[in-house]
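Undergrad: This structure is in structure tokens; I'll ask about it shortly.
The values are calculated or read from the model by the stated rules, or taken from the named source; none is laboratory data. In this text the structure is predicted, and so the values were computed from the model without any measurement. All Cβ positions, even for glycine, are placed from backbone atoms using ideal geometry, and neighbour counts span all protein chains on display. Side chains included, ligands, DNA and RNA excluded: accessible areas come from the protein's heavy atoms. Shrake-Rupley method; radii C 1.70, N 1.55, O 1.52, S 1.80 Å.
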Amino acid sequence: MHPDLVLTNARLLDPGTGTFLPFDALAVADGRIARLGTGRELAAGAAELVDLDGAVVVPGLTDGHLHPVSGAERTAGVDLSGCADLDEVRAALAAAARELAAGQWLRGWGLDPNAFGGLPVSADSVGAVLDGVPAAIDLFDAHSMLASRRALELAGIDGPRRFEQGSAEVVCDADGRPTGLLLEDAACELVDAVAPRPDFEELCRATAEVLRRMAAAGLTGGHAMDANGQSLAVYAALEERGQLPLRLRIAPWVQPGVGPEELAALIRRQGEGGRHWRIAGAKLFMDGTIDNGTAWLERPDCHGESTGAFWPDPAEYTRVVGELHRAGVPTATHAIGDAAVRHVLDAVERAVAAHGAGGVRHRVEHVETVPDDTVARFAALGVTASMQPTHCTEYTRADHTDNWSRRLGEERAGRAFRCRDLAEAGARVVLGSDWPIAPFAPLGVMAGARHRRPARHPEQPPHLPGQALTPLQALAGYTLAPAWAAGEEDRAGRLAVGHRADLTVLAADPLSTPDAELAALPVRLTVRGGEITHRAG
């Protein structure tokens with residue numbers, strides 16, 4: 001054997017047991033782990049030899065839920081994610097507006113509804129800073145947009161609309177005048193359709209830079225939860241140019257109103273892609289978000305909202321899931337509210353009863369608030385819980401004074417983001433960021449899962465500390481669990497001969513690193529398929 005790459009003087013960490021393997025070297029050939037042994041045994045004939053000086057090797061970290069291309073486009077505007085109140089929002093928007101040429105659009109992202117305090121999320125609440133400026137500002141959840149008066153005018157939005165998406169809405173005041181708040185994709189697209197978009201090369205450059213930073217943060221892969229716009233063409237172009245450092249599994253959207261031809265086309269396209277990216281599965285939505293009142297809850301929120309499903313006819317969603325399951329297509333369904341999660345589990349149960357399990361592995365994305373009986377069903381049905389713990393730590397508050405918690409009320413806010421309960425009930429819990437909703441750095445997400453505190457304010461009390469994951473559970477959420485969810489546990493997620501050489505090298509043991517220090521743990525090396533995609537220093 002003449003390996004392509006040998007890592008020596010390494011500590012090889014098993015995410016299944018939390019112990020180190022009895023080897024100090026790893027050899028890679030043809031993109032896979034070819035041998036484990038000692039440096040003396042493996043170094044001879046290596047095309048490249050890297051002495052890790054005692055650094056820790058873990059299986060390549062995989063983000064279970066992200067949006068690389070659409071996120072690269074969305075985050076091109078002014079970043080409002082650090083704005084804690086309306087004064088800060090107005091100042092950031094005013095600074096951005098001063099840089100615009102006449103008639104140029106202002107784009108923003110990361111706007112937190114908590115910044116509005118007791119005021120409604122509306123163009124009037126932001127004030128005069130956007131007068132005459134066409135502006136489209138994504139709220140942090142990416143399920144809603146705040147459009148300025150000028151943007152509404154250019155889009156021809158002058159009143160309410162009806163959409164096939166059940167929770168989509170042009171929010172209007174008592175006089176029927178749009179407030180500027182647009183809920184869900186169908187409503188936001190009215191403004192996106194008239195706003196300028198980057199051309200293909202601009203989108204490629206932005207996505208390549210995002211992916212480069214993801215690799216530098218230790219990511220070797222990601223489950224991309226959309227194929228919107230030019231995403232697939234971008235991935236193909238970047239791979240051809242040698243600028244695709246992550247292994248991507250892509251789930252295109254299936255929306256309400258999908259016809260038989262569209263569904264058949266999606267089924268046919270399963271497995272299409274390149275060497276390091278491919279279409280695998282389908283992404284559906286069962287509700288919206290709690291912050292916007294578009295989740296689907298078993299009881300209304302405190303405003304009397306969040307009472308309906310994203311699919312106007314939930315039975316049609318169930319039928320579509322059955323069709324996909326019968327065709328062997330795994331589904332990933334956005335379901336945040338308790339009624340939405342319950343309906344997804346019911347749909348999977350019916351599909352399995354009708355067609356057999358067939359090895360198809362379904363998932364629920366987010367799972368923000370659910371009762372005990374729902375938790376118990378995940379393991380029984382073999383459904384993966386795909387969760388983003390930093391959505392809890394960054395966008396809710398331990399004292400439940402945030403918008404999300406106030407809408408739900410104390411009881412439901414107190415049984416939220418149940419990562420630990422799901423893991424201990426036997427469910428596989430995949431962790432991720434949902435970038436650009438929250439930062440993508442995997443060590444930061446794992447740290448949030450462990451300490452349950454906001455990254456910017458670690459001195460604050462933890463949010464629902466009983467739901468904190470152990471260090472080993474958090475590591476499994478980025479290694480073993482995403483491999484299983486993808487049906488790839490025989491070739492990914494562990495340091496084993498024959499497995500993919502997707503590797504993340506850390507300066508120290510992530511399991512013994514204190515929770516508060518984990519996010520800052522240096523990433524020394526990132527390897528995807530035997531190719532070094534990031535090398536520190």
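Undergrad: In segment 297-322, which residues are open to solvent by 60 Å² or more (accessible area, probe 1.4 Å) and out of contact with any helix residue (DSSP H, G or I) (no Cβ under 6 Å at 6 or more places or on another chain)?
TA: Residues satisfying the conditions are ARG299, PRO300, HIS303, GLU305, THR307, PRO312, ASP313, ALA315, ARG319.
Undergrad: Testing ALA474 on (1) surrounded by fewer than 22 Cβ atoms within 10 Å (Cβ to Cβ); (2) farther than 26 Å from ARG35 by Cβ; (3) without any contact (Cβ under 8 Å) to a residue 60 or more places away in the chain, one condition comes back false. Which one is that?
TA: Of the numbered conditions (1) surrounded by fewer than 22 Cβ atoms within 10 Å (Cβ to Cβ); (2) farther than 26 Å from ARG35 by Cβ; (3) without any contact (Cβ under 8 Å) to a residue 60 or more places away in the chain, the odd one out for ALA474 is (1).
Undergrad: Take the conditions of a type outside the set (Val, Ile, Thr), free of Cβ contacts under 8 Å to residues at least 12 places away in the same chain and either under 30 Å from VAL129 (Cβ atoms) or open to solvent by less than 30 Å² (accessible area, probe 1.4 Å) (or both) and apply them to ALA29. Does it pass?
TA: In short, no.
Okay, residues lined up against (1) open to solvent by less than 50 Å² (accessible area, probe 1.4 Å); (2) assigned to a loop (DSSP other than H, G, I, E, B); (3) modelled with pLDDT under 95:
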{"residue": "VAL329", "(1), (2), (3)": "yes, yes, no"}
{"residue": "ALA339", "(1), (2), (3)": "yes, no, no"}
{"residue": "ARG342", "(1), (2), (3)": "no, no, no"}
{"residue": "GLU349", "(1), (2), (3)": "no, no, no"}
{"residue": "ALA354", "(1), (2), (3)": "no, no, no"}
{"residue": "ALA357", "(1), (2), (3)": "no, yes, yes"}
{"residue": "ALA379", "(1), (2), (3)": "yes, no, no"}
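Undergrad: When the residues of segment 218-235 are filtered to those that are under 17 Å from the mean Cα position of the chain (by Cα) and either among the polar types (S, T, N, Q) or over 21 Å from ALA485 (Cβ atoms) (or both), which remaining residue is most open to solvent (accessible area, probe 1.4 Å)?
TA: Ranking the candidates gives ASN228 first.
Undergrad: Identify all residues within segment 394-410 that are in contact with a helix residue (DSSP H, G or I) (Cβ under 9 Å, 6 or more places away or on another chain), assigned to a helix (DSSP H, G or I) and open to solvent by 40 Å² or more (accessible area, probe 1.4 Å); write none if there are none.
TA: Residues satisfying the conditions are GLU394, ARG406.
Undergrad: Yes or no: segment 206-215 includes at least one residue that is touching a Lys or Arg at 6+ places or on another chain (Cβ under 9 Å), in contact (Cβ under 8 Å) with a residue 12 or more places away in the chain and within 21 Å of PHE140 (Cα to Cα).
TA: Looking for residues that are touching a Lys or Arg at 6+ places or on another chain (Cβ under 9 Å), in contact (Cβ under 8 Å) with a residue 12 or more places away in the chain and within 21 Å of PHE140 (Cα to Cα), one finds none in segment 206-215, hence no.
Undergrad: Please state which of the following conditions HIS391 fails to meet, knowing it meets all the rest: (1) open to solvent by 10 Å² or more (accessible area, probe 1.4 Å); (2) touching an Asp or Glu at 6+ places or on another chain (Cβ under 8 Å); (3) not in a helix (DSSP H, G or I).
TA: Of everything listed in (1) open to solvent by 10 Å² or more (accessible area, probe 1.4 Å); (2) touching an Asp or Glu at 6+ places or on another chain (Cβ under 8 Å); (3) not in a helix (DSSP H, G or I), HIS391 misses just condition (3).
Undergrad: Find the residue count for segment 421-469, including only residues that are in a loop (DSSP other than H, G, I, E, B) and touching a residue at least 24 places away in the same chain (Cβ under 8 Å).
TA: Number of matching residues: 26.
Undergrad: Looking at segment 231-248, which of its residues are more than 24 Å from ALA492 (Cα to Cα) and either at pLDDT below 95 or among the hydrophobic types (A, V, I, L, M, F, W, C) (or both)?
TA: ALA233, VAL234, ALA237, listed by residue number.
Undergrad: Could you please let me know if ALA483 is within 24 Å of ALA332 (Cβ to Cβ), touching a residue at least 24 places away in the same chain (Cβ under 8 Å) and surrounded by 19 or more Cβ atoms within 10 Å (Cβ to Cβ)?
TA: Yes; evaluated as a whole, the condition is true for this residue.
Undergrad: Taking only segment 93-102 into account, find how many residues are of a type outside the set (D, E, K, R) and loosely packed, with under 10 Cβ neighbours inside 10 Å.
TA: The number of residues fulfilling the criteria is 2.
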